[in-house]
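A.B. asks: After the structure tokens below, expect a handful of questions from me.
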Amino acid sequence: MAADYYQTLGVARDATPEEIKRAYRRLARELHPDVNPDPSTHEKFKDVTAAYEVLSDPRKRQMYDLGHDPRAGAGGGSGAAGFGAENLFEDLMNSFFGGGGGGASRGPKPRTRRGQDALLRVEVDLSEAVFGTEKEITVDTAVGCPTCHGGGTADGASLVPCPMCRGRGEVQNVQRTFLGQVMTARACPQCQGYGTLNPSPCPECAGDGRVRTRQTIKVEVPPGVETGTRLLLSGQGEVGPGSGPAGDVYVEIIQKPHPIFERQGNDLHVQLSIPMTAAALGTVIPLQTLDGEQKIDVRAGTQSGSVQTLRGLGAAKLQRSGRGDLHVHIDVVTPTKLDTAQRELIEQLAVLRDEEHVEPSVAEHPTGLFSRIKEAFSGK
């Protein structure tokens, strides 16, 4: 290196950034042309400023410590336009560790590219999730430009080779480094790596080859979906630049809560409250299910917490045959307000059943609704 920047500033090679800043300020006060008119100090001030420019920047300082002066290529040097000295360290790393440098030609990148994928969310109610449905969703997307048909050029115009890279899409630069001569390659700054220029872009799409629009997409929701299920609509996403292949649309299902039924996997659960007398005497109660009205046969002596299972009335099994079950949980309601006649009748019943004085008994395994649901799943 022609100059020792540390010596120019009068600091050690392990000087801290604060020490470098103080040294520069001290020398700048002595050598600045506004303070010292002596022409011989002007060049010294330029050297001090150059040293501070390198050593105050961590990246430039690292390059300098590795043996390369970051200012050696300032102004373009012998390399192609667009290559600054600040990027040499990155170029070196790319050259030796497979970052795409080293002079290996990658060629121009295509103007036609695949469109982006999209994720949309659709809400369905329980019956739609169980039996399937068709939904229409409106999306903002991109389609091929109808004016230039994806070419991106105005009528009668065409792309021309880039004069800077001569159609290669990249420019190369040779630098002398402490490792020897290194050739690096980068995307051409004039054509952004395409290898061609578009002097007359299409007025409709501004050269992109596609335009924004709003479309309606039909979504076939199969039976058995639930919250979190994702459906793939292949090729129904936005068209890529240059009227490239369309991306995909992923539709995520959100199942809305139902006021009566609770879904657990493919099974449905419902809680049915009946009066104490109906549980004691037995009865038949109509229940409106997703499949229509069903008769629930409540047998005499039914206890609170009993579960009746209606086979095949649950949710469809996604991409499989068959359906889950509907579990009806019986809740026996004890009256809280009794008039005089009702109380007398219950007291007479207690006498007849010898239940005037009840000895309490504690169940060994008390269970609630959620435990009963768990037992219904496990088949206990």
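A.B. asks: Got a sec to turn the phi values of segment 139-154 into Karplus ³J(HN,Hα) couplings, 6.51 cos²θ - 1.76 cosθ + 1.60 with θ = phi - 60°, whole Hz, x for Gly and Pro?
C.D. replies: Values, residue by residue: 10, 8, 9, 10, 10, x, 5, x, 7, 9, 6, x, x, x, 10, 5 Hz.
A.B. asks: Now, a different point. Net charge around Gln319, counting only other residues with Cβ within less than 15 Å of its Cβ (Lys, Arg = +1; Asp, Glu = -1)? Before the final figure, lay out each step's value.
C.D. replies: Details: positive: Arg230, Lys317, Arg320, Arg323; negative: Glu220, Glu226.
Taking every Cβ under 15 Å from that of Gln319, the sum is +2.
A.B. asks: Calculate the FRET efficiency for Leu290 and Leu338 from the Cβ-Cβ distance with a Förster distance of 45 Å, rounded to the nearest 0.05. Intermediate results must be reported in sequence, preceding the final value.
C.D. replies: Working: r = 37 Å, r/R0 = 0.83.
Step by step, r from the Cβ atoms, then E = 0.75.
A.B. asks: Between segment 277-305 and segment 137-169, what is the C-alpha centre distance in whole Å?
C.D. replies: Here the answer is 69 Å between Cα centres.
A.B. asks: Cut-off is 10 Å between beta-carbons; in what order do Thr229, Thr112 appear when sorted fewest neighbours first? All intermediate terms of the calculation are to be shown ahead of the outcome.
C.D. replies: Numbers: Thr229 17, Thr112 14.
Fewest-to-most Cβ neighbours within 10 Å comes out as Thr112, Thr229.
A.B. asks: May I pose another question? With a ≥ b ≥ c taken as the square roots of the eigenvalues of the C-alpha gyration tensor of segment 1-75, please select rounded if a/c is under 1.5 and otherwise prolate if a/b is larger than b/c or oblate if it is not? The partial results should precede the final answer.
C.D. replies: Numbers: a/c = 2.32, a/b = 1.47, b/c = 1.58.
Verdict is oblate for segment 1-75.
A.B. asks: Between Leu318 and Asp57, what is 0.36 nm times their sequence separation minus the Cα-Cα distance? Round to one decimal in nm. Working shown, then result.
C.D. replies: Numbers: separation 261, 0.36 × 261 = 93.96 nm, distance 6.02 nm.
Net length gain for the segment: 87.9 nm.
A.B. asks: Same structure again: Can you give the percent of C-alpha pairs in segment 119-210 whose distance is more than 16 Å?
C.D. replies: More than 16 Å apart: 71 percent of the Cα pairs in segment 119-210.
A.B. asks: Quick one: if the Förster radius is 45 Å, what FRET efficiency do Thr309 and Leu232 give, using the C-beta to C-beta distance and rounding to 0.05? Please report the intermediate quantities before stating the final value.
C.D. replies: Details: r = 35 Å, r/R0 = 0.77.
The formula returns an efficiency of 0.80 here.
None of the figures in this text is laboratory data; all of them are computed from the coordinates on show. Because the structure is a prediction, the values reported are computed rather than measured. Reconstructed Cβ throughout: ideal geometry from the backbone, glycine too, with neighbour counts over all protein chains shown.
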